[in-house]
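Inspection log for the structure reproduced underneath, given as structure tokens.
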Amino acid sequence: MSVIQFIQGSAFSPEDVQVIVAAYEKACARLAQIEPVAGMEETLAKKIIGLAERGERDPEAMCWRALDALSNAPDETGDRRIG
């Protein structure tokens, strides 16, 4: 899955899109070291896009903040998603 599908038609500049893609790819790679990424791509993409919408432009910070938010979010059973 690509983060691009979630930002099509947005007001992000080409440079912003590069940052978002870099953050998303980095976050997916880091997450894959812990557990399978399947099923979490959309949530991860939306977290990163939300950070970009609030002005974050550091892909490393976006990666870690999105992973942190994901790890603290409960899944459908009420358990933490990752970690």
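Observations on the model:
- Percent RCO, i.e. relative contact order, over the range 9-65, from Cα pairs under 8 Å lying at least 6 residues apart: 49
- Computed from Cα positions, the angle between helix 41-53 and the longest principal axis of the chain comes to roughly 50 degrees.
- Residues LYS26, LYS47 in ascending order of nearby Cβ atoms (within 10 Å, fewest first): LYS26, LYS47.
- Here the spin labels are modelled as points 7 Å beyond Cα on the Cα-Cβ line, and at SER13 and SER71 they lie 3.2 nm apart.
- Convex hull volume per residue, computed on the Cα atoms of the range 22-72, equals 62 Å³.
- Placing pseudo-labels 7 Å out from each Cα toward the beta carbon at ILE4 and GLU35 gives an inter-label distance of 3.0 nm.
Rule-based calculations on the coordinates, nothing more; no lab input. Computed from a predicted structure; not experimentally measured. Ideal geometry is used to build each Cβ from the backbone, glycine not excepted, and the neighbour counts take in all protein chains shown.
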